[in-house]
Amino acid sequence: MSDSFAYNTNNAKIQGLSVQVGELFADLYKEGKHYGEANKALEAYKYLRRLLPRENNGYGERHIGATAAHKATQGVS
């Protein structure tokens, strides 16, 4: 449980950044003019997500905060 956001503020910061970068990716991709920048944002998003520990949340081993981060890349709040 020490990997959760309540006990590890670094993980909480990484999660917040990954959500923001995911939203940036979604915006750039939707605009359709900035595919190069969108791909770079996607790579940054993936790198940030990999910094987080994994948890078994009923869907298999996923990085903590996976649902919120995924929604950010889809343009869903």
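Residue-wise test of (1) closer than 21 Å to THR9 by Cβ; (2) small (Gly, Ala, Ser); (3) touching a Pro at 6+ places or on another chain (Cβ under 7 Å); (4) not in a helix (DSSP H, G or I).
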residue	(1), (2), (3), (4)
LEU28	no, no, no, no
LYS33	no, no, no, yes
GLU37	no, no, no, no
ALA41	no, yes, no, no
ALA44	yes, yes, no, no
LEU48	yes, no, no, no
GLU55	yes, no, no, yes
THR67	yes, no, no, no
Report yes if GLU43 is loosely packed, with under 13 Cβ neighbours inside 10 Å, modelled with pLDDT of 80 or more, out of contact with any Lys or Arg (no Cβ under 6 Å at 6 or more places or on another chain) and among the acidic types (Asp, Glu), otherwise no. yes
Does any residue of the range 1-10 turn out to be crowded, with 16+ Cβ neighbours inside 10 Å and at pLDDT 80 or above? no
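State whether the residues of the range 15-25 include one that is at pLDDT below 80, among the polar types (S, T, N, Q) and either surrounded by fewer than 17 Cβ atoms within 10 Å (Cβ to Cβ) or touching a Ser or Thr at 6+ places or on another chain (Cβ under 7 Å) (or both).
So in the range 15-25, the residues at pLDDT below 80 come out as none.
Looking for residues that are at pLDDT below 80, among the polar types (S, T, N, Q) and either surrounded by fewer than 17 Cβ atoms within 10 Å (Cβ to Cβ) or touching a Ser or Thr at 6+ places or on another chain (Cβ under 7 Å) (or both), one finds none in the range 15-25, hence no.
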Since GLY36 meets every condition but one in (1) in contact with a strand residue (DSSP E or B) (Cβ under 9 Å, 6 or more places away or on another chain); (2) surrounded by fewer than 16 Cβ atoms within 10 Å (Cβ to Cβ); (3) at pLDDT 90 or above; (4) not aliphatic (A, V, I, L, M), which condition does it not meet? (1)
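The values are calculated or read from the model by the stated rules, or taken from the named source; none is laboratory data. Bear in mind that the values here come from a model prediction, so they are computed numbers and not experimental data. Glycine gets a Cβ as well: all are built from the backbone with ideal geometry, and neighbour counts include every protein chain shown.
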